[in-house]
Amino acid sequence: MSIFKPLVIGDLKAERPVIQGGMGVGISLSSLAGAVAKAGGIGIISTAQIGFRDPDFLKAPLEANLRAIKTEFDKARALAPKGILGFNIMVATKNYALYVKEAVKAGADLIISGAGLPVSLPEFVKGTKTRIAPIVSTAKSALVICRMWDRKFGRVPDLVVIEGPLAGGHLGFSREQLAEYGADTENVPDTYDQASYDREIREIMGVVKEYGDKYSQHIPVVVAGGIYDREDVEHAMDLGADGVQVATRFVTTQECDAPMSYKQAYIDARKEDIVITKSPVGMPGRAIRNKFLEYVAEHKAEIRHCYQCLEHCDPKNIPYCITRALSNAAEGDLDHALLFCGSNAYRADRIETVEQVMEALVGA
């Protein structure tokens, strides 16, 4: 039986305080999000090139993506009629506002937004029931968001996600910051300075509480990055978190939308295979070392088509097209794929069900 309290976000109540992290392209879609929501957690669909399988994606990616937002949400809702479902939408996305508005129109309970500071997010959900949450990694970024939303919109976040240096995919840290935490090596988590980042988490919580008090409301905080087992959940809760966000552990589930070859790459990965790489987004990213990463470390990959995915992207100067690399991963072409993962991906040794993962994290 779970000893953890439900995660309450305004009028939303998740019996199990677990948010499944958004993973694009095509890794957390309706199947995974619906299963997590059905299991009492919060299921999150990534909008990152969500329409990559649409026949019109090559010639009209924006339109394909916007259509897919509703399609995937409706499929997830059918799996979890009473569950909590939302979207992860990157601030770096080109036409960010359109994605947010389409997610709201689809019926999103929650929108989580990172890969940049979502300073204008409240504007796009005004007058709706959709709850909004920024992803922050430092007290400074938390302060910027809370201060700006307070001054400009007269409100505070409904939830704050604190994503640490052990997360997968794009990270909200510079290479120098990762090195300071001991999170920039193949030896993570052996060299990771957990105590130092715990202090940062407490500072962020202090900022959030200050603004919550100003509005006489409790702003729940969830901790993300490197959460893999019950011990990690208990540690986050001991710090004062209301819940956790978990992504990597859900990849090797039957319900995850990734192909089996992608899941097998996690199972086959060794600790030393998990590395920090430079992404065209302009942020460091954590991924599994493979033929693709070895190639782009020495060469510039040919870019045959621009998918108009990022607000600030110059195809002439980026090492590779991130849409192509991530969609190759989702389609099983692993030799030409970017395989994002968290620091604990190497711990995966079998395929589980979402329910088994939830039980392992927080109990039945």
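The values are calculated or read from the model by the stated rules, or taken from the named source; none is laboratory data. What you see is a predicted model; the values in this text were computed from it and never measured. Glycine also receives a Cβ, built like all others from the backbone with ideal geometry; neighbour counts cover every protein chain displayed. Note: areas computed on protein heavy atoms with side chains; ligands, DNA, RNA excluded. Shrake-Rupley method; radii C 1.70, N 1.55, O 1.52, S 1.80 Å.
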Kindly check whether there is at least one residue in region 315-328 that is within 18 Å of Gln49 (Cα to Cα), open to solvent by 80 Å² or more (accessible area, probe 1.4 Å) and out of contact with any strand residue (DSSP E or B) (no Cβ under 6 Å at 6 or more places or on another chain).
yes
Options Asp349, Asp335, Asp268: the member that is charged (D, E, K, R), over 20 Å from the mean Cα position of the chain (by Cα), over 25 Å from Leu166 (Cβ atoms) and open to solvent by 70 Å² or more (accessible area, probe 1.4 Å):
Asp335
Do you know which residues across region 298-328 are modelled with pLDDT of 85 or more and part of a helix (DSSP H, G or I)?
Ile322, Thr323, Arg324, Ala325, Leu326, Ser327, Asn328
Can you name the helices (runs of 4 or more DSSP H) wholly within region 149-258 that have at least 2 residues being in contact (Cβ under 8 Å) with a residue 24 or more places away in the chain and under 15 Å from the mean Cα position of the chain (by Cα)?
248-251
Which one of these does Asn95 not meet: (1) closer than 22 Å to Glu311 by Cα; (2) open to solvent by 40 Å² or more (accessible area, probe 1.4 Å); (3) touching a strand residue (DSSP E or B) at 6+ places or on another chain (Cβ under 6 Å)?
(3)
Pick out the one residue from Ala265, Ala287 that is assigned to a helix (DSSP H, G or I) and of a type outside the set (D, E, K, R).
Ala265
Scan (1) touching a strand residue (DSSP E or B) at 6+ places or on another chain (Cβ under 9 Å); (2) over 16 Å from Ala247 (Cα atoms); (3) surrounded by fewer than 16 Cβ atoms within 10 Å (Cβ to Cβ) for the single condition His312 breaks and write down its number.
(1)
Does at least one position in region 26-33 carry a residue that is without any contact (Cβ under 8 Å) to a residue 60 or more places away in the chain and under 30 Å from Thr323 (Cα atoms)?
yes
Name, by its number, the condition in (1) crowded, with 23+ Cβ neighbours inside 10 Å; (2) under 30 Å from Gln308 (Cα atoms) that does not hold for Arg53.
(1)
May I ask you to verify whether Ala64 is open to solvent by less than 10 Å² (accessible area, probe 1.4 Å), closer than 24 Å to Ala360 by Cα and more than 17 Å from the chain's Cα centre (by Cα)?
no
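Residue by residue, here is whether (1) open to solvent by less than 30 Å² (accessible area, probe 1.4 Å); (2) hydrophobic (A, V, I, L, M, F, W, C); (3) modelled with pLDDT under 95 holds:
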position: Leu143; (1), (2), (3): no, yes, no
position: Asp150; (1), (2), (3): yes, no, no
position: Val156; (1), (2), (3): yes, yes, no
position: Asp184; (1), (2), (3): no, no, yes
position: Thr191; (1), (2), (3): no, no, yes
position: Val207; (1), (2), (3): yes, yes, no
position: Val223; (1), (2), (3): yes, yes, no
position: Asp232; (1), (2), (3): no, no, no
position: Asp238; (1), (2), (3): no, no, no
Of the residues Val36, Val8, Val25, only one is open to solvent by 20 Å² or more (accessible area, probe 1.4 Å) and either more than 23 Å from Cys146 (Cβ to Cβ) or among the hydrophobic types (A, V, I, L, M, F, W, C) (or both); which?
Val8
